[in-house]
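Working notes, structure below.
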Amino acid sequence: VTTLAYSADGRYVATGAEDMSILVWHAGDKCVITRMDGHEDTISALAFSRDNRILASAAEDRSIILWSVSAGTKITQLDFDQSRTAYALAYSPDGFKLIAGGDDGKLYIWDTTNYEPQMVLGDRPALITFIQFSLDGRLMATGGTDVACSIWDLQSLAPDSKPQTVLKEERGMIWSAAFSPDGRRLITGSDTCT
């Protein structure tokens, strides 16, 4: 298993693996509901839509696919830069954006009303490994294999947006982050054990 995601209501968990398969499990009784096959390389990221009807998946074959959770079938493949791999996927807290973090340090954003590309943000030359949101849905933290964590204001995202704040680690790559429940603090974890 290379990646996993819980549905917003906690009913389902999806797992992606090196064998290119995606399994959706019923979280309560641990039984597999459906298997989704369609990628041609290792699954790198998964995200459930806010209403739990769609599962977005990214893989090292440089594709992003949307799946019907109930039917286990492919809905569509998103328009994505085929020279890039997404290693982080997330739906915004309001459900209106799907955001992918690429291996080029950019954030690719789709409008979920029609899944048309909305904008591309960022200019940090590093793989993005995480996308996290504050509980109030106002802020987004992104980061990865460089030594920084970018904080974005979700309310004012535009094609020319820059991070509101950039937090820098002295030496190590930042691999994960989490907001405090009140959204006033962010904790990061890096490969320097800090």
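The values are calculated or read from the model by the stated rules, or taken from the named source; none is laboratory data. All of these numbers come straight from a predicted model, not from anything done at the bench. With ideal geometry, Cβ positions are generated from the backbone for all residues, glycine too; neighbour counts draw on all protein chains shown. What goes into the accessible areas is simple: the full protein's heavy atoms, side chains included, and nothing from ligands, DNA or RNA. Shrake-Rupley method; radii C 1.70, N 1.55, O 1.52, S 1.80 Å.
Quick one: would you say F80 is of a type outside the set (V, I, T), part of a loop (DSSP other than H, G, I, E, B) and buried (at least 19 other Cβ atoms within 10 Å of the Cβ)? Break it down stepwise before answering.
Numbers: of a type outside the set (V, I, T): yes; part of a loop (DSSP other than H, G, I, E, B): yes; buried (at least 19 other Cβ atoms within 10 Å of the Cβ): yes.
Yes.
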query: Just to be sure, is W67 among the aromatic types (F, W, Y), open to solvent by less than 40 Å² (accessible area, probe 1.4 Å), farther than 21 Å from T129 by Cα and assigned to a strand (DSSP E or B)?
result: yes
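Among what's in region 19-32 and is touching a strand residue (DSSP E or B) at 6+ places or on another chain (Cβ under 8 Å) and surrounded by fewer than 16 Cβ atoms within 10 Å (Cβ to Cβ), pick the residue that is modelled with the highest pLDDT.
So in region 19-32, the residues touching a strand residue (DSSP E or B) at 6+ places or on another chain (Cβ under 8 Å) come out as 20-27, 31-32.
Among the residues that remain, those that are also surrounded by fewer than 16 Cβ atoms within 10 Å (Cβ to Cβ) are: 21, 26-27, 31-32.
Numbers: S21: 94, H26: 86, A27: 78, C31: 78, V32: 78.
Among those that are touching a strand residue (DSSP E or B) at 6+ places or on another chain (Cβ under 8 Å) and surrounded by fewer than 16 Cβ atoms within 10 Å (Cβ to Cβ), it is S21.
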- request: Examine region 105-112 for a residue that is of a type in the set (F, W, Y) and in contact with a Leu (Cβ under 9 Å, 6 or more places away or on another chain), and state whether such a residue exists.
  value: yes
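Would you be able to tell me the number of residues in region 83-96 that are in a strand (DSSP E or B) and either aliphatic (A, V, I, L, M) or within 14 Å of F48 (Cβ to Cβ) (or both)? Break it down into steps so the answer makes sense when it comes.
At the first step, the residues of region 83-96 found to be in a strand (DSSP E or B) are 86-91.
Next, from what is left, pick out any that are either aliphatic (A, V, I, L, M) or within 14 Å of F48 (Cβ to Cβ) (or both): 86, 88-91.
So the count comes out to 5.
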message: For a quick check of your reading of the model, give me the residue pairs whose first member lies in region 65-77 and is polar (S, T, N, Q), whose second is not in a loop (DSSP other than H, G, I, E, B), with beta-carbon atoms closer than 6 Å and at least 6 apart or on different chains.
response: S68/I75; T76/L66; Q77/S63; Q77/I65
- request: Output the qualifying pairs, or none if there are none: Cβ atoms under 6 angstrom, residues six or more apart or on different chains, first residue in region 141-170 and within 19 Å of Y87 (Cα to Cα), second residue among the charged types (D, E, K, R) and assigned to a loop (DSSP other than H, G, I, E, B).
  value: D146/R124; V147/E169
query: Just wondering, is there one or more residues in region 35-45 that are more than 15 Å from I131 (Cβ to Cβ), open to solvent by less than 10 Å² (accessible area, probe 1.4 Å) and touching a residue at least 40 places away in the same chain (Cβ under 8 Å)?
result: yes
- request: Filter region 110-156 down to residues that are of a type in the set (S, T, N, Q) and outside any strand (DSSP E or B) and give me whichever is most open to solvent (accessible area, probe 1.4 Å).
  value: Q155
message: Going through A27, A5, A14 one at a time, which residue ends up being of a type in the set (G, A, S) and within 16 Å of A100 (Cα to Cα)?
response: A5
